[in-house]
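Quick notes on the structure that follows.
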Amino acid sequence: MKNFESYKSEFTKRAYNEGFSSDEISKCLNYSETLLKKNLPIIFNSSHLSALVGYNKDYLNRVSKVNKTSYFYRDYYIPKKNGEKRLIREPLPSLKQIQRWLLDNLFIKLPISPYAKAYRAKKGIRDHVRYHKKEEVVITMDIEKFFDNLESGLIVNILLSKGYSFQVANLITKICTLNDVLPQGAPTSPAISNILLYEFDNEISKYTNSKGLKYTRYADDLAFSGSIQDVDTLIKIVKENLAKINLKINHSKTRVMSKKARQIISGIVVNDKIQVPRKDRDDLRQAMYYIEKFSLEEHLKKIDCNKANYIEHLLGKANYMLKINPKDEKIKVIYNKLKVMKTG
């Protein structure tokens, strides 16, 4: 504990100079030691956090109010694959900067399960699906209203368990939540979601490992594979463990797929090789065919789209397909042609 001894000496000297009593100093040092042992930032109160993040205490108090949408967040929608729209609530720059500090200095240091594949450095959707290739049975489940149902009390409890005072845990939680839930758009929300599901992931993996099955989670998408004999028991165990954190399965999205059928996880086929569905690849190839046959300008007139947006859209699709299957030579050719068109 060399680091703590150094901290203890410096803190004690400064605290005495500022008029702290021996009892107060002892309490502060006990609090600090708990956090330092876990490599977590020491935060005593709102004034201390204010100094750490570089914003005054009054601003922290304002952003920690429950209903703060119009003052500190910008709302907009993005399209979902099913044609519906997803509400994104993006914090404005100052609040986002505070949240990023909390992400980089606190939340990134809290444990997450190796079975969680989303929102992690050097991990992606391919890491989620590749474990389930060439399996007898694949089962997918979806967590209902994932971010909207991850409540602030869960975050407070996690921070309390790490050694933070209730005042600090509550303040940090309020800074990172909107109307008591995780806002999709805040930089802290993805990491916090993985932290909150740490125990869930570990409990589910204990069961699947005991049965010789595979399990991964990508945000709200759960995937299981192997020689699954008892589907009902698996679903029951998932439901029971989700209920502990006030979450539910969206039963309408549960799929049980044998190897005789097309097995799809998070929109990716995993039967023999990892690949986006044939229709998606065919649609991209068809778009490229029309561009080469009729010219880009004529094709754009026909579909009523401007060049920059359309080429960017196709490039995004091709790039995603190559992330899933880097060996797809046909898509590589299309991707390179699109890059030339974009710069040309």
Exercise for the section: Can you tell me which residue within the stretch 1-44, out of those that are touching a Lys or Arg at 6+ places or on another chain (Cβ under 9 Å) and not in a helix (DSSP H, G or I), is surrounded by the most Cβ atoms within 10 Å (Cβ to Cβ)? Expected result: LEU40
Fill in the blank from the handout: Within the stretch 131-146, the residues that are modelled with pLDDT of 95 or more and touching a strand residue (DSSP E or B) at 6+ places or on another chain (Cβ under 8 Å) are HIS132, GLU135, GLU136, VAL137, VAL138, ILE139, THR140, MET141, ASP142, ILE143, GLU144
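Considering only residues that are in a helix (DSSP H, G or I) and of a type in the set (D, E, K, R), look in the stretch 319-341 and name the one that is surrounded by the fewest Cβ atoms within 10 Å (Cβ to Cβ).
The residue in question is GLU329.
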Problem - Qualifying residue in the stretch 125-145 (condition: in a loop (DSSP other than H, G, I, E, B) and farther than 30 Å from ASP272 by Cβ) - result: yes
Exercise for the section: Return only the number of the condition from (1) surrounded by 13 or more Cβ atoms within 10 Å (Cβ to Cβ); (2) under 27 Å from the mean Cα position of the chain (by Cα); (3) in a helix (DSSP H, G or I) that TYR310 does not satisfy. Expected result: (2)
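The values are calculated or read from the model by the stated rules, or taken from the named source; none is laboratory data. Predicted, not measured: the structure shown is a model, and the values here were computed from it. For neighbour counting, all protein chains shown are included, and Cβ atoms are generated from backbone atoms with ideal geometry for every residue, glycine included.
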